[in-house]
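Before any comments, here is the structure.
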Amino acid sequence: MDKTIEMKVKNNSNSWPIISDGFFRMKMTEQLTKDDIPRDAVDKIFQNSINILSNCPNPKDENPNSKTGIIIGKVQSGKTSNFISLMALAFDNDYDIIVVLGGTKNILLGQNVARIRSYFSNIEMDKMVILATNQNESILNPTAIKQFIQEKRKVVIVGLKGKVRINTIAGIFSDPILCNVPTLVIDDEGDQATLNTQASRNSMSATYEAAVTLKARLQRHCFLSITATPQANILIKTCDQLSPDFGSLVYPGDDYCGLDEFHGEIQDTYIKLIPDNEPSILEDVGLPLSFYKALAAFFIGGAIRVYRGDNRNHAMLIHPSQRKYDHQIVLRKVNSVLNEWREHARAKLDGIEDISYQNLSTHLEKAYVDFQNDGVILPSFSELENYILECIGMCPDAHLCNGDEDASENSRFYRVNIFVGGNLVERGLTIKGLAVTYIIRRARGVSNVDNTEQRARWFGYKRSFLDVCRVFTTQPIKDDFSSILEHDDDLWATIERAELRGAHFKEIPRVFVLANKMLNMTRRNVARAERFSFSEWNKQDILLLNRLSVDSNSAYISAFRDRHHDLIEILDYHGVNKHAFIKGLDFFELKRTLLDHLVFPKTSVLDQTFFNKIEEALIKSDINPVVDILWIRDTAHETRTISSSGKINQLFQGRNSNQGSKTYYPGDSNMVTIERSDVMQLQIHFIKPKNFPEINYYSPAIALYVPVAYSEQMERLVGQI
């Protein structure tokens, strides 16, 4: 009998009963176990799925309800098994249709379809059907889908991310019955293609518009983006229809090797630098020495694995450029060397003396010594030599891996494979047994974190043979990934802190560590972030005029002042310029007890979002500031000209130019210079519009000073525009 459990999720107050061991869960567990995934790892995968599903709408609720979520994993960490497990759990819990947007290329779509079918292969056809937009178009219509649902069959529809295919799927849900069927939409690699690339032009890109149309048709659904590089999804405007309502972090298994292993403190073991003064693999001068080192390391590593009894796939990836023309150049050069090495290896194995074998032997022996110097436990070279030669002999010509050819189809006939490719190897495509990567591709100027990280196909190398895995790359690429490691750790920690606080995902401050100024977070045509910086003075530029909100703000400020009455000093500059002054309060306490309670005009540059961002920036910069508070013109208050939109004409009063005057006043902005320019200062002004006589009350307006030293420390951060 199915077991039902009530999940208590930190950031989900609307949890609903989840069936945790239904039919589909049981069948999926069988398949995962067949794939040699340990039972405790399987349980962890399903616990992740339970947490995610509990944030989705309850399918038993017949009222219209929709949510958008994001599932964040690590590059090459097995996200596919996680989302297919989520599909099984969703089916056990009364979701009837699952739509999978499975990539932008047919090869990726085919890979997704094949994986989904293989995981559900032990389920009878009378229980579920799996349809693909490029294979089953004739039955992708409301009549056929309704029949499946009436027969109590679960339906999976897998389609390409493109306007035509998504609109085909959306057309199914124009039916008044199907549009109310509980549906899960899974957007694999959800930061790619589906997001609006016309956002900066206030328009909609074709694929985004189709995705929004699909969402609009579905009355009871959850749209889940799955990605390891969520920068764009997080940075888009929170009012965007694909902005997540909730997020879930999916932690990789213990066997996973990613950023920490390759770009942390021990990176020099696995990362081998291509010298700056060496000719590029793309130049018309043959292959560089670093490539011969990489190729020799690949064959030595393959031999070591076989010597240890590991006969699984062994692969190398060469990523020189995004251009197909460049791939052909590299492919020809690499295959020329492979042909030569195969001849020498086979001759040596056949006992034929070949004087030219000495050149190959030199490369192999140097690679052997490099492994030895890196601490790899090895048999003698003579013991290993035949294994190396056999590895070379069974390696076919390199496979082209771009839009022109489906390398995965050819490579499945071989145990040892070398791939040459570009964009296609960046997204979703899994290369079995990848052990050596040779990558020189980098943008000439500023690169994007998400695109760069997706190129790291070396993430996911298996720990069982990690000691023989290597990445050959350039210093700029190595520097990029060192910065991305810090950024990725910070991004995950930001989301974890929000989960612990029970904060809504849309309320997470979009402020992240990114010290490398040669990196942007994502494509600027989708979402924009800027280097985090503050002018010294940050002023509320719009005056709040709603009487209820004004009275509320005034009451909070008054109560705050009463609590700190004993600390108040008076700064007297004669005339109206008498200020109340409190020195050295904790900024975070001030924010919690006062600023978090204030209401700001919706269009003001200084608002709750601003204060949340600066709080996050201070925490991430390890700054624990104190703040001085001034009630400017504490008893006289101020009148200012206010525009029809509420804009304040010159919040600050300037200085009195007559410095010899008894009533000389240095000006509001100079109060920090006179007092303490090295600490933060919060000014509270009370303003009445002088051009609106009908408004006879004073409204508080805020200004915050940030010391230059703090601004400089926070320049390593980026924030949402």
| query | So which lysines can LYS293 reach, going by Cα to Cα under 21 Å and dropping same-chain residues fewer than 8 places off? | reply | LYS272, LYS333, LYS348, LYS366, LYS478
| field | Per residue convex hull volume, Cα atoms of segment 540-604, in Å³ | value | 122
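Pull up the DSSP beta bridges for the chain and report the antiparallel fraction as a percent, rounded to 5.
Values: 32 of 94 bridges.
Antiparallel bridges: around 35 percent, rounded to the nearest 5.
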| What list of ³J(HN,Hα) values in whole Hz, one per residue of segment 384-400 in order, does the Karplus curve 6.51 cos²θ - 1.76 cosθ + 1.60 (θ = phi - 60°) give from phi, with Gly and Pro shown as x? | 8, 4, 5, 4, 5, 5, 5, 4, 5, x, 8, 7, x, 4, 4, 9, 7
| query | Straight-line reach from LYS591: which aspartates and glutamates have Cα under 18 Å away, leaving out those fewer than 8 places along the same chain? | reply | GLU507, ASP562, ASP607, GLU615, GLU616, ASP622, ASP628
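Can you order the peptides 433-446, 361-374, 31-44 by their average number of other Cβ atoms within 10 Å per residue, highest first?
Values: 433-446: 18.9, 361-374: 16.2, 31-44: 14.2.
Going by the mean number of other Cβ atoms within 10 Å, highest first, we get 433-446, 361-374, 31-44.
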| request: Rounded to the nearest Å, what's the spacing between the alpha carbon centres of segment 59-105 and segment 161-223? Just the number, please. | output: 14
| note | Kirkwood Rh for segment 18-249 from C-alpha pairs, in Å, is 17.6
| About its Cα centre, how strong a charge dipole does segment 259-481 have in debye, to the nearest 20, once Lys and Arg get +1 and Asp and Glu get -1 at the Cβ? | 480
| Amide H contacts of ASN402 (H built 1.01 Å from N, under 5 Å, at least 5 apart or other chain) | ALA407
| query | What are the ³J(HN,Hα) values, in whole Hz, obtained from phi via the Karplus relation 6.51 cos²θ - 1.76 cosθ + 1.60 with θ = phi - 60°, for each residue of segment 506-513 in sequence order, with x given for Gly and Pro? | reply | 5, 8, 5, x, 7, 10, 9, 6
| task | Mind ranking 179-190, 212-223 by how tightly packed they are, going by the mean number of other C-beta atoms within 10 angstrom, highest first? | result | 179-190, 212-223
| task | Give me the lysines in straight-line cross-link reach of LYS462: C-alpha distance below 16 Å, same-chain residues under 8 apart excluded. | result | LYS74, LYS79, LYS432
| Projected onto the charge dipole of the chain (+1 at Lys/Arg Cβ, -1 at Asp/Glu Cβ, origin at the Cα centre), which of THR168, LEU224, CYS56 gives the Cα projection farthest towards the positive end? | THR168
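After finding the eigenvalues of the alpha carbon gyration tensor for segment 134-243, what semi-axes result from the square roots of 5 times each, listed largest first in whole Å?
Values: eigenvalues 140, 37, 35 Å².
After diagonalising the Cα gyration tensor, the semi-axes are 26, 14, 13 Å.
Send over the Kirkwood Rh of segment 115-157, from the inverse of the averaged 1/r over different Cα pairs, rounded to one decimal Å.
Details: mean 1/r = 0.0926 Å⁻¹.
Hydrodynamic radius (Kirkwood, Cα only) of segment 115-157 equals 10.8 Å.
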| Relative to a virtual label point 7 Å from the Cα of ARG412 in the Cα→beta-carbon direction, which members of segment 89-113 show backbone nitrogen distances below 12 Å? | 110-113
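Students often check this: by mean Cβ neighbours within 10 Å, which of 546-556, 95-105, 699-709, 340-350 ranks highest, and how do the rest follow?
The most tightly packed comes first, giving 95-105, 699-709, 340-350, 546-556.
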| request: Report, by chain and number, residues whose modeled amide H sits under 5 Å from the one on PHE532, excluding near sequence neighbours (fewer than 5 apart, same chain). | output: LEU717, VAL718, GLY719
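Projected area of the chain, taken from the Cα convex hull and averaged over every viewing direction, in nm²? Show your work: numbers first, answer last.
Numbers: hull surface 156.3 nm².
Mean projected area of the Cα convex hull: 39.1 nm².
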| task | Please give the helix 106-119 orientation as an angle from the longest Cα principal axis of the chain, in degrees from 0 to 90, rounded to the nearest 10. | result | 80
| Once segment 532-720 is represented by equal point scatterers at the alpha-carbon sites, with solvent omitted, what log10 I(q)/I(0) does the Debye formula produce at q = 0.08, 0.10, 0.13, 0.19 Å⁻¹? | -0.25, -0.40, -0.69, -1.48
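Would you tally the net charge around ASN63, using a Cβ to Cβ cut-off of less than 15 Å, leaving ASN63 out, and scoring K and R as +1, D and E as -1?
The answer is 0.
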| query | Given that compact globular proteins tend to follow 2.2 N^0.38 Å, what is the ratio of the alpha-carbon Rg of segment 259-481 to that value? | reply | 0.97
| Using alpha carbon coordinates only, what is the Rg to Rh ratio of segment 175-239, with Rh defined as the Kirkwood radius? | 1.00
| query | Taking a label point 7 Å from the Cα of GLU589 along the Cα→Cβ vector, which residues of segment 521-564 have an amide N closer than 12 Å to it? | reply | 564
| query | Per-residue HN-Hα couplings for segment 628-645, Karplus 6.51 cos²θ - 1.76 cosθ + 1.60 at θ = phi - 60°, whole Hz, x for Gly and Pro? | reply | 8, 10, 10, 8, 6, 6, 4, 9, 7, 6, 9, 10, 9, 6, 10, 6, 5, 8
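Rule-based calculations on the coordinates, nothing more; no lab input. Treat the numbers as computed from the prediction; the structure is a model and nothing was measured. Virtual Cβ from ideal backbone geometry, glycine too; neighbours counted across all protein chains shown.
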